[in-house]
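Following: one structure in structure tokens, then a few remarks.
The values are calculated or read from the model by the stated rules, or taken from the named source; none is laboratory data. Being a predicted model, the structure only gives us computed values, none of them experimental. Positions of Cβ are generated from backbone atoms using ideal geometry, with glycine treated the same way; all protein chains shown enter the neighbour counts.
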Amino acid sequence: MNTFEILAIIGALSWLPHIIQIIVKLFTKSVLSIIPDNNIEIGFTTLGPIINLSISFLSEKKMSLIKKVELEIQHETMELQKFTWKWFEEILLEMDIPKTGSVPYKKNQKAIAILVNENGLTEKKIGFQKHDFLKENLSLIKKVFSDHITLKSNKRELSELKTYESYNNLLNNIKNSFTWKVGNYQGKIKVYLPKNRYFEKNIGFKISQVDLNSLVSNLDIAKNIIENTFIDNTKNVEQNWAWVNLDQTTDVDTIKL
């Protein structure tokens with residue numbers, strides 16, 4: 001064995017620990033912990049029923065990719081509702097301002113996926129909405145907008161739109177989408193991972209009559225916004241949406257991926 005062969009073997013052996021480390025990493029399963037906030041926010045707007053929930057994700061041993069998060073909730077009357085994530089919010093930094101206090105700088109973005117770095121804690125405030133409602137509502141809005149354009153092009157009063165089927169269908173769809181009720185709700189957070197894997201986490205909350213009365217007031221705001229959009233935009237509609245914050249108790253769920 002000559003000198004060059006010896007040096008080649010030594011060089012190859014120097015890479016062995018690195019190669020072993022890569023192989024070990026390849027077969028190591030990450031451990032993902034899901035830590036939901038004990039406060040859940042529910043509301044109602046022209047986008048229908050909304051649930052906002054802050055969730056922290058901790059990935060150990062390996063990074064984790066979260067492809068989608070969904071919510072299923074069921075009222076004590078057995079009525080089932082399905083929500084899917086639409087956006088999430090994260091606090092980028094906080095600045096202390098004299099006489100004002102700590103001011104958070106936030107970023108909102110469309111929910112597509114979340115990459116949780118190894119041994120990193122990622123916190124997101126996730127907004128959940130009903131996909132089926134949003135799809136149907138968009139279709140109805142397009143029909144109302146078409147009738148709106150026709151009235152304007154014919155120089156007719158836009159108030160006539162209130163007699164149109166398209167306009168009333170839109171109002172009824174908004175009204176019928178208000179499904180919040182007094183009573184207990186039980187539900188599941190569904191976290192979807194690559195390779196069609198997902199796991200569930202139980203949640204629960206209770207809506208009181210006072211909570212419901214507050215949310216019902218949003219129906220009038222939604223109706224006024226639609227009228228302001230298609231008929232009379234001279235009216236100033238204040239979008240002071242009512243939100244209800246409820247307590248819900250959950251434990252940390254951990255899954256090996």
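Listed values, structure above:
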| read-out | value |
| --- | --- |
| Residue within region 173-188 that is farther than 21 Å from M78 by Cα and either touching a helix residue (DSSP H, G or I) at 6+ places or on another chain (Cβ under 9 Å) or without any contact (Cβ under 8 Å) to a residue 60 or more places away in the chain (or both) present | yes |
| Condition check for K99: over 20 Å from I40 (Cβ atoms) and modelled with pLDDT under 70 | yes |
| Matching option when the condition is at pLDDT 95 or above, surrounded by 13 or more Cβ atoms within 10 Å (Cβ to Cβ) and not in a strand (DSSP E or B), among N172, N228, N218 | N218 |
